[in-house]
1. Enumerate the pairs (first residue in the stretch 169-198 and without any contact (Cβ under 8 Å) to a residue 12 or more places away in the chain; second residue anywhere and assigned to a helix (DSSP H, G or I)) with beta-carbon separation below 7 Å, excluding pairs fewer than 6 apart on the same chain, so at least 6 apart or on different chains.
2. Mind counting the residues in the stretch 69-89 that are closer than 22 Å to Tyr289 by Cα, open to solvent by less than 100 Å² (accessible area, probe 1.4 Å) and in contact (Cβ under 8 Å) with a residue 60 or more places away in the chain?
3. Looking at Ser136, is it among the small types (Gly, Ala, Ser), closer than 25 Å to Ser323 by Cβ and out of contact with any helix residue (DSSP H, G or I) (no Cβ under 6 Å at 6 or more places or on another chain)?
4. Go through the stretch 304-353 and count every residue that is over 21 Å from Thr203 (Cβ atoms), without any contact (Cβ under 8 Å) to a residue 24 or more places away in the chain, surrounded by 10 or more Cβ atoms within 10 Å (Cβ to Cβ) and under 17 Å from the mean Cα position of the chain (by Cα).
5. Inspect the stretch 292-299 for any residue being open to solvent by less than 80 Å² (accessible area, probe 1.4 Å), modelled with pLDDT under 85, more than 23 Å from the chain's Cα centre (by Cα) and of a type outside the set (Asp, Glu) and give the result as yes or no.
6. Just give me the residues in the stretch 147-164 being touching a residue at least 60 places away in the same chain (Cβ under 8 Å), hydrophobic (A, V, I, L, M, F, W, C) and open to solvent by 40 Å² or more (accessible area, probe 1.4 Å), in sequence order.
7. When the residues of the stretch 261-298 are filtered to those that are out of contact with any helix residue (DSSP H, G or I) (no Cβ under 7 Å at 6 or more places or on another chain) and free of Cβ contacts under 8 Å to residues at least 40 places away in the same chain, which remaining residue is nearest to Lys228 (Cα to Cα)?
8. Could you tell me which of the residues Val27, Val31 is open to solvent by less than 40 Å² (accessible area, probe 1.4 Å), in contact (Cβ under 8 Å) with a residue 12 or more places away in the chain and either among the acidic types (Asp, Glu) or out of contact with any strand residue (DSSP E or B) (no Cβ under 9 Å at 6 or more places or on another chain) (or both)?
Amino acid sequence: FFFISPSMSTDGAAVVGATKESMKDVVLKYVSLMEEAMPPAVRDKVAPVLKVVLPLLGKGAEFVEYSIPFIVLAYQKLLEFWKIIEPYDPQLLLPAFFGIILCFFGGSFVTLIAAVEAYRMCGYETTVTSVKQLISDAKTVIKKFKEDDEIDADKDGIKDVRQISTKELLVRKTLLALRTVDPKTISDALASIQAGFLAVIATLKLEFAKTITLGNSIAAMIETPANKYLVPLIENALPDDYKKWAKPTLGAVIQSTSLSLAWTLQRIISAVHSAMRGGLMCSRNLLEYLSHQKIFHLKSDDSYLDEVAGYLLAALGLYFQLSRGFSLPFPINLLLFPVSIAEYFLIWMVGAK
């Protein structure tokens with residue numbers, strides 16, 4: 001994986017030919033060129049940041065360059081594997097598999113499921129449209145870049161991009177990209193993606209606030225009788241110097257217990273929801289799969305078999321989750337470890353101020 005850039009001779013003329021540069025070298029060179037183009041006042045402020053960021057950018061570029069061949073190979077193998085299993089309708093089996101995951105383990109991913117549901121309702125369609133538009137613009141820019149690489153304006157047999165410095169090439173490509181794309185389209189697409197993400201965060205914060213409110217309400221109902229009957233008993237059991245700690249300690253215990261109870265109730269509600277959705281997803285896709293494979297001809301709209309099977313599966317999945325206390329068994333916990341990371345990340349995002 002190489003980048004092409006012209007070499008400069010000692011007299012400033014461009015040497016015809018291309019030098020092989022690593023992605024790290026190109027990234028660092030481009031950052032240095034942008035730094036040189038900054039006004040001195042801005043450059044002085046940015047310099048300390050770049051001193052820290054540049055090594056990280058270099059390492060990141062090295063990792064990306066090292067990973068690209070493996071990513072391409074994995075993608076090619078995935079396409080080959082998909083062609084092999086395509087006659088068996090994997091597009092129906094995969095949703096059925098995800099339905100099983102939801103049905104039996106959905107209660108462990110309360111925040112992630114809520115985020116997916118919120119995103120599906122608020123931002124999915126607009127995000128898909130926006131991403132397609134950005135991909136279309138990127139393809140247009142790449143096409144223009146390739147056409148620009150073939151230009152030989154002075155008819156000397158040497159492509160123009162081979163006769164300019166790296167800095168001039170960067171400016172040339174940047175201006176070409178700016179002329180090619182529509183800024184309003186890009187800004188609208190990025191705004192749509194951001195709006196979808198913010199809608200998800202807002203929904204999660206609302207759910208989180210509802211759970212906190214429920215916990216506080218439970219604590220408020222318990223604290224009054226607890227202060228009346230339990231605090232005197234605790235004070236009588238404590239030495240005189242520590243009696244003052246009876247009420248605040250009991251209040252903290254009640255508050256934390258109430259919040260845990262509210263969160264458990266929210267987890268149970270989410271588990272019921274995920275079990276029902278997962279059970280129906282599994283049963284309906286399996287029925288359609290059997291119909292496509294000409295094993296069993298029955299449309300889900302023509303009978304209640306999908307609902308009966310889905311709700312029975314949901315009841316089984318809910319019982320499994322409750323019996324295990326929403327913990328993931330081995331090796332499912334390893335297989336779903338990336339999903340758990342996403343769950344913790346969303347919890348952090350919701351809790352962040």
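1. none
2. Going through the stretch 69-89 one residue at a time, the tally reaches 1.
3. Considered against the rule, which asks whether it is among the small types (Gly, Ala, Ser), closer than 25 Å to Ser323 by Cβ and out of contact with any helix residue (DSSP H, G or I) (no Cβ under 6 Å at 6 or more places or on another chain), Ser136 comes out as no.
4. 1
5. Yes, that holds for at least one residue.
6. Correct list: Ile158 only.
7. Applying the filter and picking the extreme gives Thr264.
8. Val31
The values are calculated or read from the model by the stated rules, or taken from the named source; none is laboratory data. These numbers were taken from a predicted model, which means no experiment stands behind them. Positions of Cβ are backbone-derived with ideal geometry, glycine not excepted, and every protein chain shown enters the neighbour counts. Protein only, heavy atoms only, side chains kept; ligands, DNA and RNA dropped before computing areas. Shrake-Rupley method; radii C 1.70, N 1.55, O 1.52, S 1.80 Å.
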